[in-house]
Amino acid sequence: MKKQSEPTGTTADPADQEEAMDAAEAVEAVVCTGLEYSFGRTKAVDGLDLTVRSGEVFGLLGPNGAGKTTAIRSITTLLPVPPGMVRVFGHDPARRQMQVRRMLGYVPQQLSADGGLTGRENVSLFARVFDVSRRERAARVAQAIAAVDLTEAADRLAKTYSGGMVRRLELAQALVSAPRLLVLDEPTIGLDPIARTSVWECIDEVRAATGMTVLVTTHYMDEADQYCDRVALMHRGRIRALGTPEQLRTEVGEQLDLAEPPTLDDVFRHFAGSGLANATENEGEFKDVRRTRRTASRVG
Amino acid sequence: MSVVPVAPPPGSAEPAAAQSPVAAPRRDLGLLLVPPPARSGWRVVLARILAMCVVELQKLRHDRTELYTRAVQPALWLLIFGETFTRIKAIPTNGIPYLDYLAPGIIAQSAMFIAIFYGIMIIWERDSGVLTKLLVTPTPRAALVAGKAFAAGVKAVIQALVVVVIAALLGVALTWNPAKLLGVAVVVLLGSAFFSCLSMSIAGIVLTRDRLMGIGQAITMPLFFGSNALYPVSLMPGWLQAVSKANPLSYEVDALRGLLIGTPAHLGSDFAVLTLSAGLGIACASALLGRLAR
């Protein structure tokens, strides 16, 4: 597996030398320590402790309103979090926002390609905003487009693309800057099974070639089972279970004393289902979940 | 060896190549292994402004419908309002035909109409995830807002060119001095940057398209009628003259009139006010952009 080089950046501030040393030695792609985030009175993330190892595909799973997207938005600098709660390759997003962003490739939940531009222009925009030089831009954009199998459609307007093609185009946009951490927020939501497979094949192939770390949220347990090295089950803002899919299945199978090995869907229900039942009994908490969902809907 | 189905299975729009159950052969990803070197300081801002302006031009190249439809309203103002008031001779314009007096005002108005609804585009970009993705790039918010503001300006300059051509066809005695026309482009760019930032700032406060549409419509007419676009400020009541003095559109119109038809203008103060307004607008919209991201 090839290793990516460290992105260019300076740490001239002496006060940050310790952080820079941590960053140089970092083997963990993401470390969250007691991460908290609230929307008004609703605590979306409540003391999240999480470590994503460098080079792995890590799945963040959980029911709607569990806090996955809020956690992802905190890691990707979209939400302001206090210093010390998050580290990305040793850098604190609260203090080194630009350095962290240079290491990130991000694909949000929505199909976010600009339909008024061609596929190539969409990727080229991201090459520009990541400071790819004019000399290298065309070749880099072409490689990113080829990496996701869109070369033939590259000069068509993105509004003519299918959902799966848009998702692959977004991957190309994220890959053009050679990110060390690729963050995918429900990348296959709303796609048919064939499109889902093609998106995951692209992720798998590029990850194998570049050695990048992938942090993904998904509701599809079969995908998590097949493609993630480790998964964390999140519920009500906290991690309820963490391990390889195999470990979680075995653990739940032993706990429930099942005759047949459980699926990851069973594991999901085991950790998330009971929590929702409790929420229904407690009106206040159910309102909180509903409010979180409304907020999530408002922010897209 | 990969097995490719003869025809795509029903129910998927994915192309046949992507439906192979076996991953495609490895491609050359050499450049995707090395992050690009980072720009810093003012070069980041310039690079982002350029990137956003290029996107705006690319979109206009693919679809010019908006350019044509937006040309209708200024054409009607000049043709109907302009021609009629030229005959009435009700507005004192120091001996200049009213149509000539009106043309710079209509250029400023059409540019403002483009810019004042730019916040809707920001909200659309928020809803569609485009803004979120841009906010995760190494782009300071001020650079992103400046990029969007000047992209609105580029669109407005192209619109202004269309109105200049219409005015010329109607017989307005415009200057064709390249330096003055360049000045016109700069004035329109700065004015549009301010109004687009005003719109993005309101977007950052109201957060929804519907509310922004209402507020946009509510402020557009006062800005237009409270300026010197249609009549001299000296004709206004005292309180409206005060509004006009605080209205950047008045300075834009004054500069455009001076540059295009050679009326006495305060170009120095006009450029200063427009530059300051654009700067303040960028600062204000940048501060409020975070609300859209949450």
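The values are calculated or read from the model by the stated rules, or taken from the named source; none is laboratory data. Quick caveat: nothing in here was measured; it's all calculated off a predicted structure. Glycine also receives a Cβ, built like all others from the backbone with ideal geometry; neighbour counts cover every protein chain displayed.
A few comments on the model shown:
Let's see how each residue does on (1) over 22 Å from A:S177 (Cβ atoms); (2) aromatic (F, W, Y); (3) exposed (fewer than 14 other Cβ atoms within 10 Å of the Cβ):
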site	(1), (2), (3)
B:V34	no, no, no
B:A38	no, no, no
B:A47	no, no, no
B:C53	no, no, no
B:V72	yes, no, yes
B:W77	yes, yes, no
B:A90	yes, no, yes
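- In this structure, A:I203 does not satisfy being of a type in the set (V, I, T), within 15 Å of the chain's Cα centre (by Cα), surrounded by fewer than 22 Cβ atoms within 10 Å (Cβ to Cβ) and within 14 Å of another protein chain (Cβ to nearest Cβ).
- For region A:88-123, residues that are closer than 25 Å to A:T188 by Cβ and not acidic (D, E) total 21.
- Number of residues in region A:190-200 that are more than 11 Å from A:L171 (Cβ to Cβ), touching a Lys or Arg at 6+ places or on another chain (Cβ under 9 Å) and at the interface with chain B (Cβ under 7 Å from one of its Cβ atoms) equals 1.
- Residues in region A:243-266 that are more than 18 Å from the chain's Cα centre (by Cα), without any contact (Cβ under 8 Å) to a residue 40 or more places away in the chain and outside any helix (DSSP H, G or I): A:D257, A:L258, A:A259, A:E260, A:P261, A:P262.
- Top-ranked residue of region A:155-164 - restricted to ones that are at pLDDT 95 or above and buried (at least 21 other Cβ atoms within 10 Å of the Cβ), ranked as nearest to the other protein chains (Cβ to nearest Cβ): A:Y161
- Every residue from region A:123-154 that is over 26 Å from B:K148 (Cα atoms), among the hydrophobic types (A, V, I, L, M, F, W, C) and within 7 Å of chain B (Cβ to nearest Cβ): A:A139, A:A146, A:A147
- Conditions (1) at pLDDT 90 or above; (2) more than 20 Å from B:V34 (Cβ to Cβ); (3) in contact with a Gly (Cβ under 6 Å, 6 or more places away or on another chain); (4) not hydrophobic (A, V, I, L, M, F, W, C); number of the one not met by A:D49: (3)
- Answer from A:A178, A:A153, A:A147 - the residue that is of a type in the set (A, V, I, L, M, F, W, C) and in contact with a Gly (Cβ under 8 Å, 6 or more places away or on another chain): A:A153
- Search result, residues across region A:103-117 that are farther than 18 Å from B:E125 by Cβ and either surrounded by fewer than 23 Cβ atoms within 10 Å (Cβ to Cβ) or within 7 Å of chain B (Cβ to nearest Cβ) (or both): A:L104
- Members of region B:205-229 found to be assigned to a loop (DSSP other than H, G, I, E, B), surrounded by 15 or more Cβ atoms within 10 Å (Cβ to Cβ) and polar (S, T, N, Q), listed by number: B:S227, B:N228
- Flag if A:A241 is crowded, with 24+ Cβ neighbours inside 10 Å, away from chain B (no Cβ under 12 Å) and closer than 21 Å to A:H270 by Cα: no
- Taking region B:230-261 as the range and being hydrophobic (A, V, I, L, M, F, W, C), buried (at least 19 other Cβ atoms within 10 Å of the Cβ), out of contact with any Ser or Thr (no Cβ under 8 Å at 6 or more places or on another chain) and not in a helix (DSSP H, G or I) as the test, only B:L230 passes.
- Scanning region A:120-137 for residues that are out of contact with any Ser or Thr (no Cβ under 8 Å at 6 or more places or on another chain) and without any contact (Cβ under 8 Å) to a residue 12 or more places away in the chain, we see that the one that is surrounded by the most Cβ atoms within 10 Å (Cβ to Cβ) is A:D131.
- You will find that of B:V273, B:V187, the residue that is of a type outside the set (D, E), crowded, with 20+ Cβ neighbours inside 10 Å and touching a residue at least 40 places away in the same chain (Cβ under 8 Å) is B:V187 and no other.
- Whichever residue in region B:1-29 is modelled with pLDDT of 50 or more and at the interface with chain A (Cβ under 7 Å from one of its Cβ atoms) and, among such residues, is nearest to A:M212 (Cα to Cα): B:L29
- Test: residue in region B:113-126 that is more than 16 Å from the chain's Cα centre (by Cα), more than 14 Å from chain A (Cβ to nearest Cβ), crowded, with 24+ Cβ neighbours inside 10 Å and hydroxyl-bearing (S, T, Y): no
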